[in-house]
Amino acid sequence: MTTYVALLRGINVGGHNKIGMADLRSMFDTLGYAGARTYLQSGNVVFDAPATDPARLAGAIEAGIAGDFGLSITVLLRTREDLDRVVANSPFVEREADPKKLHVAFLSGVPADERVSAFESPAGENVGFVFDGAEIHLHYPHGYGRTKLTHAYLEKRLGVAATARNWRTVFQLLELASK
């Protein structure tokens, strides 16, 4: 069995796309994925499943959400090993004492080289970013709430789906996946 982390994009945000975590865990159980456990209300699910193609697994979860909740939600998957790598590769942890200013954007795939080369922060913003395959390490020196560098900004410029998690959430998901 492989331990996966499902990152659901855009649930329980601003009263939209509401899904109860107990209902979500039940759906994972119904799909045959063992030991589903959630973290926060924002769509973070750690579960065990046979090793398989992540795109196929994400598609099955998206279909389950559509069937059970009537919602079209993008699901991005990472393994526990992927999260180990993300945490180990963070270029900002040693420089920034406030973890609230650190985020990771998880992408649905590795963006095209030309899009990565052309990528810039929004005008007037001093956001640090480092691409690492299908993730972007982000440092928001003035906090996430004030930036225009959001998942929508990333998706438009990179041509891939994105969902971001703050550093505390990334670390907690790794801990949950390691149990």
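We did not get these values from a lab; they are worked out from the coordinates using the rules stated. What you see is a predicted model; the values in this text were computed from it and never measured. When we count neighbours, we look across all protein chains shown, and the Cβ atoms used for this are built from the backbone with ideal geometry, even at glycine.
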TODO: Enumerate the lysines that K101 could reach by cross-link, defined here as Cα to Cα under 18 Å, with residues fewer than 8 away along the same chain left out.
DONE: K148
Task: Leading residue at positive end of dipole, the stretch 12-105 (Cβ point charges), from F47, L83, V13 - done: V13
TODO: Compute the signed sum of charges (Lys and Arg +1, Asp and Glu -1) over the other residues within less than 12 Å, Cβ to Cβ, of N12.
DONE: +1
Open item on the list: Give me the net charge for the shell around F69: Cβ to Cβ below 12 angstrom, other residues only, Lys and Arg +1, Asp and Glu -1.
Closed with: -2
TODO: Would you mind calculating the gained length between A22 and A161 on full extension (0.36 nm times residue separation, minus the Cα-Cα distance), in nm to one decimal?
DONE: 47.4 nm
Task: Built amide H within the under 5 Å cut-off of L71, gap 5+ - done: A66
Open item on the list: With angles folded into 0 to 90 degrees, how steeply does helix 167-177 sit against the dominant principal axis of the chain? Use alpha carbons for both and round to 10.
Closed with: 30 degrees
Task: 17 Å cut-off, amide nitrogen to a point 7 angstrom out along A55 Cα→Cβ, residues in the stretch 139-179 - done: 159-162
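Hey, what did the stretch 74-179 get for relative contact order, percent, Cα under 8 Å, at least 6 apart?
This gives 37 percent for the stretch 74-179.
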- [ ] Averaging sequence separations of C-alpha pairs under 8 Å and six or more residues apart, then dividing by the length of the chain, give the relative contact order as a whole percent.
- [x] 24 percent
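Could you tell me which of rounded, prolate or oblate describes the stretch 1-105, using a ≥ b ≥ c as the square roots of the eigenvalues of the alpha-carbon gyration tensor, with rounded for a/c under 1.5 and, failing that, prolate when a/b is larger than b/c and oblate otherwise?
Here the stretch 1-105 falls in the oblate category.
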TODO: Putting +1 on Lys and Arg Cβ atoms and -1 on Asp and Glu Cβ atoms, find which of G133, F119, H151 reaches farthest to the positive end of the dipole of the stretch 80-162.
DONE: H151
Open item on the list: Multiplying the sequence separation of D48 and D98 by 0.36 nm and subtracting their Cα-Cα distance, what value in nm do you get?
Closed with: 14.8 nm
Task: Debye, to nearest 20: dipole size of the chain, +1 on Lys, Arg Cβ, -1 on Asp, Glu Cβ - done: 440 debye
- [ ] Sort out for me the Cα centre separation of the stretch 106-179 from the stretch 1-76, rounded to whole Å.
- [x] 21 Å
